[in-house]
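Asker: Have a look at this one before I ask anything.
The values are calculated or read from the model by the stated rules, or taken from the named source; none is laboratory data. All values derive from a computational prediction rather than experimental measurement. Cβ: placed from backbone, ideal geometry, glycine included. Neighbour counts: every protein chain shown.
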Amino acid sequence: VWVAIADVAAYVRPGGALDREARDKANSVYFPDGVEPMLPERLSNGLCSLREGENRACMAVRMVFDSQGRKRSHKFVRGLMRSAAKLAYEQAQDAIDGRPDDKAGPLLEPILKPLWAAYLTMKKGREARSPLAIESSERRIVIGEDGKVASITPRPSLEAHKLIEEMMIQANVCAAETLEAKRTPLIYRIHDAPSPEKLDSLAEFLGSIQVNWSKGEAARTDRFNRLLDLTREGPNAEIVNEVVLRTQMQAHYSTDNIGHFGLNLDRYAHFTSPIRRYADLIVHRALVSALGLNLPGGPDGLSDWDISHMKATAEEITHAERRAMAAERDATDRYVAAFLADRVGATFLGRITGVTRFGLFIRLAETGADGLIPISNLGDEFFIHDEKMHALIGERSGARWPLGMSVEVRLREATPITGGLLFEMLSEPAAPDPTAPRPRLGIRRKAGRPPLPRQGGKHRRR
């Protein structure tokens, strides 16, 4: 398997103006209506874009796998590549599924089928490794020619996506392994295991839906995957997936390696997106230095400054990534609120995806939009927030609003300028749990309207 990546290091040299701006931005930011690129467009969409039929500088890794998908060897090279065709994921998938178009058809036998055969072999190794199999529920916002939201649809999850993902993951592993072997400084992408506190909270919640989860066992990805498989076909599948996601820590960049829990890998470094992530550019430079791959015209590997500031760079690009994620989430929320603004008063089906002391977060089934029902709108009694059970429980009746419950709501307010959505509950609460103790302290129903907080954990990056 060859994975070839645009050679950004050939154009963005250490210490130059392009380099300083790229480090400051740290990553590209993706909005529903466009992208704020880390690099100038002439690079990101031009010289560093692997265009169809044109020679482009690249950094490539050749990987050899055995019949069980275990990587046996790899080698990095620097060179030129010419892309045979620019295919959308859907085009490639359709061709493999027996529906090739005029562009993909000629590539089916010589390129696409061997590519898929390689992936199916690699997939055996992935399944043996058992990385976290949390399902994503991201939505695609389509912007019309008038600049307004035309539609909001689920993002498809195709085998073609998984093929590219696994090949890129393996290329990233190769980068980390090579740099460690060469004793070259690098920035890892690390992901810690869930904390004991989060695991205890998960066990308490699973107990409330009669799913066993031993508190004493260590966190392992295969254990989470068995839980997801066990509940996948049941009524709690979506919410168990959500709670398992919230149990995980956030991945970040570091010069100290602790491995990547979610991918179940001992070492991992971002290599495959130097156009849009500064971490990857640093890894490319480190490979240039470690393997002696400098191009004529001046050194383009790691500079002394890169090495001495690598820890600070890892911290700064982690902060910038969090900033970008917040900006992307805010923009998405505002576009969704604008899309729903003319549907105030309409009713929707949804699910409780967050339970707090001030109300319930609801995610709509139709659009994936998230909004709040303040606790003051839930009935004429006091409510207590049971953190362990992830539920609001009526002090007098014992009626419950638990995490994951399917509900019908009415849209009361949609505020595009803030991205806030307020709902009104139309469903009845769940019946009291006879095995649960009755709460003693409640939160008053008319406690005033709270601000609209952000619900974290919706968007994650590996």
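To keep it simple, each residue is scored yes or no on (1) in the same structural domain as Leu50 (by TED's automatic domain parsing); (2) closer than 30 Å to Ser406 by Cβ; (3) out of contact with any Leu (no Cβ under 7 Å at 6 or more places or on another chain).
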residue	(1), (2), (3)
Asn241	no, yes, no
Asn257	no, no, yes
Arg276	yes, no, yes
Arg322	no, no, yes
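Asker: Being among the aliphatic types (A, V, I, L, M) and touching a helix residue (DSSP H, G or I) at 6+ places or on another chain (Cβ under 9 Å) is the filter here, so list the residues in segment 308-318 that pass it.
Answerer: Correct list: Met310, Ala314, Ile317.
Asker: Then there's this: Quick one: is Ser195 touching an Asp or Glu at 6+ places or on another chain (Cβ under 9 Å) and polar (S, T, N, Q)?
Answerer: In short, no.
Asker: I need the full set of residues from segment 373-406 which are of a type in the set (D, E, K, R) and over 19 Å from Arg246 (Cα atoms), in order please.
Answerer: Asp380, Glu381, Glu395, Arg396, Arg400
Residues are listed down the side, and each one gets a yes or a no for (1) in contact (Cβ under 8 Å) with a residue 24 or more places away in the chain; (2) in a loop (DSSP other than H, G, I, E, B):
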residue: Ala176; (1), (2): yes, no
residue: Leu186; (1), (2): yes, yes
residue: Ser201; (1), (2): yes, no
residue: Gly207; (1), (2): no, no
residue: Trp213; (1), (2): no, yes
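Asker: Look through segment 424-433, keep the residues that are surrounded by 15 or more Cβ atoms within 10 Å (Cβ to Cβ) and part of a loop (DSSP other than H, G, I, E, B), and return whichever of them is nearest to the chain's Cα centre (by Cα).
Answerer: Pro429
Asker: Let me ask something else. Gly15 passes all but one of (1) part of a loop (DSSP other than H, G, I, E, B); (2) touching a strand residue (DSSP E or B) at 6+ places or on another chain (Cβ under 6 Å); which number fails?
Answerer: Just one mismatch for Gly15, condition (2).
Asker: Additional query: Could we say that Arg51 is under 18 Å from Thr272 (Cα atoms) and among the charged types (D, E, K, R) here? I'd like the intermediate steps shown before the answer.
Answerer: Details: under 18 Å from Thr272 (Cα atoms): yes; among the charged types (D, E, K, R): yes.
Judged against the criteria, Arg51 is a match.
Asker: May I ask you to say which residue of Ile373, Ile362 is in contact with a Gly (Cβ under 9 Å, 6 or more places away or on another chain), at pLDDT 90 or above and closer than 27 Å to Glu197 by Cβ?
Answerer: Within the list Ile373, Ile362, the selection yields Ile362.
Asker: Being at pLDDT below 90 and buried (at least 20 other Cβ atoms within 10 Å of the Cβ) narrows it down to one residue among Leu403, Leu421, Leu441; which is it?
Answerer: On inspection, the qualifying residue turns out to be Leu403.
Asker: While we're here: I'd like the full set of residues that are at pLDDT below 95 and either crowded, with 21+ Cβ neighbours inside 10 Å or under 31 Å from the mean Cα position of the chain (by Cα) (or both), limited to segment 268-300.
Answerer: Asp300
Asker: For segment 45-59, what are the residues that are among the acidic types (Asp, Glu) and outside any strand (DSSP E or B)?
Answerer: Hit for segment 45-59 is Glu54, nothing else.
Asker: Scan segment 325-342 and tell me whether some residue there is modelled with pLDDT of 95 or more and either touching an Asp or Glu at 6+ places or on another chain (Cβ under 6 Å) or over 30 Å from Ile362 (Cβ atoms) (or both).
Answerer: So far as segment 325-342 goes, no, none of its residues is modelled with pLDDT of 95 or more and either touching an Asp or Glu at 6+ places or on another chain (Cβ under 6 Å) or over 30 Å from Ile362 (Cβ atoms) (or both).
Asker: Also, I was wondering about something else. Given the criterion at pLDDT below 95 and of a type in the set (D, E, K, R), identify the matching residue among Glu41, Glu21.
Answerer: Exactly one residue qualifies, and that residue is Glu41.
Asker: What number of residues within segment 60-101 satisfy the criterion of being surrounded by fewer than 17 Cβ atoms within 10 Å (Cβ to Cβ), part of a strand (DSSP E or B) and touching a helix residue (DSSP H, G or I) at 6+ places or on another chain (Cβ under 7 Å)? Spell out the reasoning first.
Answerer: Our first condition is that a residue be surrounded by fewer than 17 Cβ atoms within 10 Å (Cβ to Cβ); within segment 60-101, this holds for 62, 64, 66-68, 70-73, 75, 77, 79-80, 82-86, 88-90, 97-99, 101.
Then drop every residue that is not part of a strand (DSSP E or B), which leaves 62, 64, 71-73, 75, 77, 79-80, 82-83.
Filter once more, so that each one left must be touching a helix residue (DSSP H, G or I) at 6+ places or on another chain (Cβ under 7 Å): 71.
Residues meeting the conditions: 1.
Asker: Please go through segment 205-253 and give me each residue that is farther than 25 Å from Asp386 by Cβ, crowded, with 16+ Cβ neighbours inside 10 Å and in contact with an Asp or Glu (Cβ under 9 Å, 6 or more places away or on another chain), ordered by number.
Answerer: Of all residues in segment 205-253, those farther than 25 Å from Asp386 by Cβ come to 218, 220-223, 225-226, 229, 232-233, 250-253.
Remaining after also requiring crowded, with 16+ Cβ neighbours inside 10 Å: 221, 225, 251-253.
Scanning segment 205-253 gives Ala251, His252, Tyr253.
Asker: Right, here's the next one. Would you be able to say whether some residue in segment 151-174 is on the phi > 0 side of the Ramachandran plot, surrounded by fewer than 20 Cβ atoms within 10 Å (Cβ to Cβ) and in contact with a helix residue (DSSP H, G or I) (Cβ under 6 Å, 6 or more places away or on another chain)? Reasoning before the result, please.
Answerer: Filtering segment 151-174 down to residues on the phi > 0 side of the Ramachandran plot leaves none.
No.
Asker: Restricting to segment 387-396, count the residues that are at pLDDT 85 or above and surrounded by fewer than 19 Cβ atoms within 10 Å (Cβ to Cβ).
Answerer: The total comes to 2.
Asker: Does Asp192 fit the bill of being acidic (Asp, Glu), closer than 26 Å to Glu138 by Cβ and more than 20 Å from the chain's Cα centre (by Cα)?
Answerer: It is false that Asp192 is acidic (Asp, Glu), closer than 26 Å to Glu138 by Cβ and more than 20 Å from the chain's Cα centre (by Cα).
Asker: Give me a count of the residues in segment 321-368 that are more than 17 Å from the chain's Cα centre (by Cα) and under 14 Å from Val409 (Cα atoms).
Answerer: So the count comes out to 21.
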